[in-house]
1. Counting only residues that are part of a loop (DSSP other than H, G, I, E, B) and in contact with a Ser or Thr (Cβ under 7 Å, 6 or more places away or on another chain), how many does the stretch B:108-161 have?
2. Look at the stretch A:330-363 and say how many of its residues are hydroxyl-bearing (Ser, Thr, Tyr) and farther than 20 Å from A:Val291 by Cα.
3. Got at least one residue in the stretch B:112-127 being more than 30 Å from B:Gln213 (Cβ to Cβ) and either small (Gly, Ala, Ser) or surrounded by 18 or more Cβ atoms within 10 Å (Cβ to Cβ) (or both)?
4. If you go through the stretch B:152-170 one residue at a time, do you hit one that is surrounded by 15 or more Cβ atoms within 10 Å (Cβ to Cβ) and farther than 20 Å from B:Leu106 by Cα?
5. Restricting attention to strands (runs of 3 or more DSSP E) lying wholly within the stretch A:245-325, give those where 3 or more residues are in contact with a Ser or Thr (Cβ under 7 Å, 6 or more places away or on another chain).
6. State the number of residues belonging to the stretch A:135-168 that are hydrophobic (A, V, I, L, M, F, W, C), in a strand (DSSP E or B) and either touching a helix residue (DSSP H, G or I) at 6+ places or on another chain (Cβ under 9 Å) or farther than 21 Å from A:Leu79 by Cα (or both).
7. Sort out which residues of the stretch A:184-203 are crowded, with 17+ Cβ neighbours inside 10 Å, within 26 Å of the chain's Cα centre (by Cα) and either within 25 Å of A:Ile252 (Cβ to Cβ) or among the small types (Gly, Ala, Ser) (or both), and write them in order of number.
8. Given the criterion outside any strand (DSSP E or B), touching a residue at least 24 places away in the same chain (Cβ under 8 Å) and among the hydrophobic types (A, V, I, L, M, F, W, C), identify the matching residue among A:Ile65, A:Ile103.
Amino acid sequence: MIALKSWPLASLCTLLCAAGCGGEVKRAPLHPAPIVAPSKQDEAKREPTAMVCAEMAETSSKDSIAVIEIRGERIPKELCSLLQSTPGKPVDAALVDADVRAIWADGRVDDVVVSAQRGDRTSLIYDVRMLPSVASFEIQGADAAGNVAEGIRFERPTFASQASLSTEAKRVEKELHDAGWTTAKVSYEITKKDEAQAAIVVRVALGPRLMVRRIRIEGPSEARAEELRALLLTRPNQPLDKLALARDVLVIQADGYDRGLVMMSVAEPELVTIEEGKAIEVVLRVSEGEVYRLGNVRFAGDLIEPAKTYEKKLWTSAKGAIFSRKVIAADVEKIRALHESRGKIVEVTPETTVDPKRHTIDVTVRIQARR
Amino acid sequence: MAAQRIRLSCHGRARLGRGALPASIARMSFVRRAALFLFVIGLSSPALADTPKKVEVIDRIVAVVDRDIVTLVELRKRAAPRLLDLKASVPEAQRVAAEAVMYRDLLQHMIEERILLRYAQRERISISTDEINTAIENVAKANNVKPEAIYEQASAQGMDRAAYRDEIARQILRLKISRAITPSRVFEENRGKPEAELMKAIDAAFQTFIEEQKRETHVEVRL
C-alpha cells in the first residue's frame, strides 16, 4: 500500500482492504543514479566497441539527439532495429525505457545501461553486456538423457544467464519437492572461459523420497472415511505426490457437493513426519456440514420452449431432492444440447440461492444466447 | 577581472610566464593564483578541446524477477508521488537519506508486485476494467465526491490518470490473491472473533505466502 497520506488511496484501502494491503519491508539501500560527469580516468579505461545505430549531422538544438550508439562486445547488428529512440528529437525517457525492455526481451543480453552524453551535441549511448554462450553443460545427478528424476528434466540453457539458470533450478527443485523428494537441492555454477563463453555445471542432490505410510481422514464416520479414501490418488506405501494430494482435496469437495454437502470444507492436508523422517502420515480434516436439498427451480432468459417444458423434460431433480452438483451439471448440458439442436448456441448458468436455515437451495437456470 | 589569455601546453596545463602577470596577480600567493586560474578556466569557452561532457544515466535495469525486469525509469515514475510527500513532510537536511530509504522500499514493493503478477498469470486471476471503475467509484462515494475529483487529487500527488488506475488494479489484484490463498483454517479459527483479528490473520497468511513465492522466484537487485 502506498504510504500516501491523501485519501484517494487510503480510502480505497478502507473500503476494499480492511486486511491491509502489504506490510513493512526491510531492505538494502538503493538510490537512483545521479547526473555525473565521468572522470578522465573512467573515460580512459572504457573502450568498448561502438556501433552507430543512427546519426544526424546537424540538429535543431544541442539537446536533440545527434547520434545513437550501442556499445559493448559481440553486439549483434539487429539490436539497432529494436530501438524506438531517434536522432533529431530530445531524449524521451519513455522511449528509452521501451528500448531497454526490447533489448532485454531479445534474450541474449545480460545488462543494459542507457546514458545521454551532453555537450555540444547529445549522444544517446546504450551500454550493453551480452550473455556468454554455453561452452559446456553438465548435470551431476542426472541420467544420460538429462532426467533428474522420473519425468523431471533440467533444460539446457542457450546462454549462460544467471536469471535463466536460477529460474530453472528453482522450478526443478519445486517439482522434486512436490514429487516427494522434499529435501532435494539443485545448485549450479557458471565458470567463464572468456567473455564469450562459459561452462555450466548443475548439481542435483535428491535426498530420500518421502513415502506416505498411512492416510487418516478426520471428521466423517469411519464408513464415510472409507468411501472418501477410495476416491484418492494418494495411497499408502506410495511416494508422496503433493499435486496428487491437492487434486484429492478437490475430489473430496466435489463428492460432497454431489451429496448435498454444499457447506463441506476440507482443511489443507497435514503431513505428519514419522519413522525418523522417512515417511509421513497424511491427515485430512473434513467438515461435512448439513445435507442441503433442492428448493424452487425456475428458468429465465432466452427460452425456446415454455418453462414448464424445461422443468418436465430436461430437469431431473424434483423439489426436495438432495442437491447434487453432478445431476445439475448433466441437466444444464441437456438444456444446452436442446438449444444447439435448434441452431442456437447458448450459455446456461445455474444461479443458486442458499437458505442456511432451511438447508435448501433455490436454482435459477439462466439461459443466454451467445451474440 | 579580465581573463588572461592562456596558452595551454599539450598536457592541458596552463603556463603563465611571469613577465605576463599584472602586478595585482604577481602579488598573490600561489594558492590564490591557482584558484584564480581555475575560476578563469571555468568561464572559458567551449573551444577548450578537453572539456568533459556531462553524462546522465537515463535508464538501466535495477532488478530482475525471473525473466522480467524493473527499470530505473519505471522506479522513478512510481516514486514521483512519494517524493512529493517527502518534500512536504521531511526536513531538507534529512531528505536525501529519507529518499534513499523510500527508493529501496519501493523497489522491494515492485519486486513483490512482479511475483504476485507471475502467480496471477499462472492461476488465471485477472482484473477487469469494470472492477477498477467500481473501486474508484466506491472511493469517490465514500468521500462524497465524483470520480473525476479522485483523479484530480491523484494528479496533484504526481500520479496521472493511467498511473492511478494501474495502482488501483495492483491493489485489487493483491486483495484477490490474498483471499484466494488464505487457508480455510484461518477463517475457521477466527470465526466469532473481532474482524480486526481475522484481518490480522489473513495478512499474516499472505506474508507467509509471499515469502514462499520469493523463495521459488529468481530475484536479483542490481544496485
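1. Of the stretch B:108-161, the ones part of a loop (DSSP other than H, G, I, E, B) are B:124-128, B:143-146, B:157-160.
So of that shortlist, the ones also in contact with a Ser or Thr (Cβ under 7 Å, 6 or more places away or on another chain) come out as B:143, B:157.
Of the residues in that region, 2 qualify.
2. To start, the set of residues in the stretch A:330-363 that are hydroxyl-bearing (Ser, Thr, Tyr) comprises A:341, A:349, A:352-353, A:360.
Filter once more, so that each one left must be farther than 20 Å from A:Val291 by Cα: A:341, A:349.
Final tally of qualifying residues: 2.
3. To start, the set of residues in the stretch B:112-127 that are more than 30 Å from B:Gln213 (Cβ to Cβ) comprises none.
No.
4. Looking through the stretch B:152-170, at least one residue is surrounded by 15 or more Cβ atoms within 10 Å (Cβ to Cβ) and farther than 20 Å from B:Leu106 by Cα.
5. Details: elements: A:270-274, A:279-287, A:293-301.
By residue number, A:279-287, A:293-301.
6. The first filter runs over the stretch A:135-168 and keeps only residues hydrophobic (A, V, I, L, M, F, W, C), leaving A:135, A:137, A:139, A:142, A:144-145, A:148-149, A:152, A:154, A:159-160, A:163, A:165.
Filter once more, keeping what is in a strand (DSSP E or B): A:135, A:137, A:139, A:148-149, A:152, A:159.
Remaining after also requiring either touching a helix residue (DSSP H, G or I) at 6+ places or on another chain (Cβ under 9 Å) or farther than 21 Å from A:Leu79 by Cα (or both): A:135, A:137, A:139, A:148-149, A:152.
Number of matching residues: 6.
7. Going through the stretch A:184-203, the residues crowded, with 17+ Cβ neighbours inside 10 Å turn out to be A:184, A:186, A:188, A:198, A:200, A:202.
Still in the list and also within 26 Å of the chain's Cα centre (by Cα): A:184, A:186, A:188, A:202.
Result: A:Ala184, single match.
8. Working: A:Ile65 fails: outside any strand (DSSP E or B).
Unique residue meeting the criteria: A:Ile103.
The values are calculated or read from the model by the stated rules, or taken from the named source; none is laboratory data. Source: prediction; values computed, not measured. Quick reminder, even Gly has a Cβ in these numbers, built from the backbone with ideal geometry, and neighbours come from all protein chains shown.
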